[in-house]
Amino acid sequence: MHWRKYFVPTTKETPKDATAPSHVLMLRAGVIRQVAAGVYTYLPLGYRALRKVERIVRKEMDRAGAIELHMPVLTPLPLWEETGRDKTMADILLRLAGPVGDWRSALALGPTHEEIVTEIARAYLKSYKQLPINLYQIQTKFRGEARPKSGVLRTREFLMKDAYSFHDSKESLDREYDNMYAAYCRIFARAGLPYLAVEADTGAIGGDVSHEFMVLTDAGEDLVAISANGDYAANLERAAAAAPTPGPEVPLRAVSEVRTPNAGRIDEVCALLGTQPREMIKTLIYTSVDAAPPGGRKRRVVALVRGDHEINEHKLNKAAGATLELADPRTIEEVTGAAVGFAGPQGLADRVDRMIIDREVAVMRNAATGANKTDYHVVGVNPGRDFPLQGERVTVADLRSVMQGDPSPTGSGSPLHLRTAIEVGHVFKLGTKYSESMGATYLDAGGQAQPLIMGCYGIGLNRILAAAIESHHDADGIIWPMSVAPFEVVAIALDPRDEQVMQVATDVHDRLAEAGIDVLLDDRDERAGFKFKDADLIGFPLRVVVGKKSLAAGGVEVSERRTPAQKELLPLAKAVEYVLRRVREELSQQVRAAPV
Ligand code: ATP
Ligand code: MG
């Protein structure tokens, strides 16, 4: 490929809202162009890289025994209604606009394809003899993301590899889950990503086991907890610290009331009482989003966490078995009999449907908390004595988010660190959630109809590209991993008007191209500095420079983007050999690369 005949619109300007390195560099290097919020064109360089990611993903999925098919982007709403996701997906599901009854209003753009693939399974997978099977596709997804951001890390249209497996036993699902997990490790290693597999939340009604594949980057929107010794990694949504051990026995004081006028916030109360947040109990009143039958009333739940802890709503929803939201001020006043900010657990268990107590609250002694009386708090409150830790409506559970420095739950006690990360892939044991709601059954060996047991496995292809840049760049530009680089090599003709320079540069280009290397010949009539800057920005892993000076010295100059200072002058044939060897080495090294 000759640069002059190619299309590489590099630019110096970056929009103000672009802050993530991958976003800035992909725009500047002419890799992508924004068309609308969260909608991008892949320019030729970007498309080449994306296709390489796609090839890696397809190859590894095929190798793992998954079977490729292609499902449509246009999906019928009635299928989403079968699982209720036409409602639970809310604005994520992008519907086609059309008058009621019009064919358009019965369609939505697929954000994911569980319903579509389960319909296929329902139609064709009738016998245990057809199981297990894993069907996958690489297809454009559409999601009504409220806040598309960070370039192609979060967009409203993106390319996903989604796979769905079907089984007749949990053991069979377990085996395929492990198989996919291993395939994902190979995919991310081959794409040059320093990835990390973390335990992930499965949601209130999700399956039982799930892992996310994460790349640590400031541009990420997830927080992961990683133990210093590497024995634990989990998404903050589900990360747990080691269970608390009860402190030394101390005399239990009597409860006494203290006036705390206008002090409804933890810090205000602490200032007034001279206590620490960790000596306080936060009492939070929630209501269920959905009204529970038979009464049709929304359920009321009280949650308790220590004053210095943050409640984790994923854990709370799971413990409550329902999706909860903070109660409105009127409900809070009705439940506690006091203004917002003065709630305490004393006497509340009988006034709500559930009381869920964080396990660290359960071991507190002589705590301070609200008095359920406006402008008053109480001190000397003791769990078990002043509010129940057991009972029909009472649960003690892990409810809080872990904090920096908390001990790992593995028993090692190694301190947890919180890091921002971006999710590039997700594997999930779904169980029978979809097959049950859609009636997808098979006949087992005894001729009994059973719901198909499912797993699902997703990878964001665009995110792989962006995450590769987040992980591999410097002040001058992108440093592409060899496996996904749009071109592995740039051959730069320093003075294209010089016949000999052009002839040697073309020779380098042709020999490499002949050997199957992706090489771009920079034949532009521009200053050397300008061309070097572009090469750095675009991030070709290897560079061969042909100039009058190098030819006079006996050859061409070879260097690598990662180590620009190391330049080697080699005769043409040797330079070609060097490039071939380095490409081969890098590609095989990436296959073997271990996770961080
Ligand atoms: P997130 O939590 O980041 O919104 P998700 O959990 O909703 O992602 P999944 O439904 O698990 O995503 O989709 C599988 C994969 O698709 C993700 O691991 C991610 O790589 C990719 N992906 C999801 N949403 C987007 C998006 N808006 N833009 C780009 N890639 C995405
Ligand atoms: Mg996910």
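What follows draws every value from the coordinates through simple rules; no lab data is involved. Predicted model, so just to flag it, every value in this text is computed and none were measured. In this analysis, Cβ positions are derived from the backbone assuming ideal geometry, glycine residues included, and neighbour counts consider all displayed protein chains.
Could you give the distance between the Cα centres of the stretch 1-40 and the stretch 359-392, to the whole Å?
Cα centroid to Cα centroid, the span is 57 Å.
Per the Cauchy relation, a quarter of the hull surface: what is the mean projected area of the convex hull of the alpha carbons in the stretch 269-419, in nm²?
So the Cα hull casts an average projection of 10.0 nm².
Alpha carbon centre of the stretch 457-505 versus the stretch 86-139: separation in Å?
Here the answer is 38 Å between Cα centres.
Given N residues in the stretch 379-446, what is its alpha carbon radius of gyration divided by 2.2 N^0.38 Å? Walk me through the numbers on the way to the answer.
Working: Rg = 21.5 Å, N = 68, 2.2 N^0.38 = 10.9 Å.
Expressed relative to 2.2 N^0.38 Å, the Cα Rg reads 1.97.
So, how do all the Cα-to-Cα distances of the chain break down into 10 Å bins, in percent, from 0 on up?
Bins of 10 Å from zero give 3, 14, 20, 20, 18, 13, 7, 4, 1, 0 percent of pairs.
Lys373: which lysines have alpha carbons under 23 Å from its alpha carbon, excluding same-chain residues fewer than 8 sequence positions away?
Candidates past the 8-residue exclusion: Lys282.
Report, as a whole number in µm² per second, the diffusion coefficient that Stokes-Einstein gives for the stretch 454-596 at 37 °C and 0.692 mPa s using the Kirkwood radius over alpha carbon pairs.
Using the Kirkwood radius from Cα pairs, D works out to 206 µm²/s.
In deg cm²/dmol, rounded to 500, what helix-only [θ] at 222 nm does the chain give when every DSSP H run of at least 4 residues adds -39500 (n - 2.57) and the total is split over its residues? Before the final figure, lay out each step's value.
Details: 16 runs with 169 residues, N = 596.
The per-residue figure over the chain is -8500 deg cm²/dmol.
Apply the a/c threshold of 1.5 to the C-alpha gyration tensor of the stretch 362-408 and tell me whether it is rounded, prolate or oblate.
Verdict is oblate for the stretch 362-408.
What is the distance in Å between the Cα centroid of the stretch 400-414 and that of the stretch 553-589?
47 Å
So for Val504, Val427, Val289, Val379, fewest C-beta neighbours within 10 Å to most, what's the order?
Least to most surrounded, the residues fall as Val289, Val379, Val504, Val427.
Scaled to the compact-protein estimate 2.2 N^0.38 Å, what is the alpha-carbon radius of gyration of the stretch 388-547, rounded to two decimal places?
Rounded to two decimals, the normalised Rg is 1.87.
How do Tyr47, Tyr128, Tyr286 line up, fewest other C-beta atoms within 10 Å first?
So the ranking, lowest neighbour count to highest, is Tyr47, Tyr128, Tyr286.
I need Tyr578, Tyr434 ordered by Cβ neighbour count within 10 Å, fewest first.
Ordered by Cβ neighbours within 10 Å, fewest first: Tyr578, Tyr434.
May I ask you to list the lysines whose Cα is less than 30 Å away from that of Lys129, ignoring any residue fewer than eight positions away on the same chain?
In chain and number order, the partners are Lys59, Lys161, Lys170, Lys429, Lys433.
Over the stretch 319-372, what portion of Cα pair distances is larger than 16 Å, expressed as a whole percent?
Summing the P(r) of the stretch 319-372 above 16 Å gives 50 percent of all pairs.
Identify all lysines with a Cα-Cα distance to Lys5 below 21 Å; exclude those on the same chain that are fewer than 8 residues away in sequence.
Lys531, Lys533
Efficiency by 1/(1 + (r/R0)^6): what FRET value for Asp17 and Asp375, r their Cβ-Cβ distance, R0 = 56 Å, to the nearest 0.05?
Efficiency, from the Cβ-Cβ distance: 0.80.
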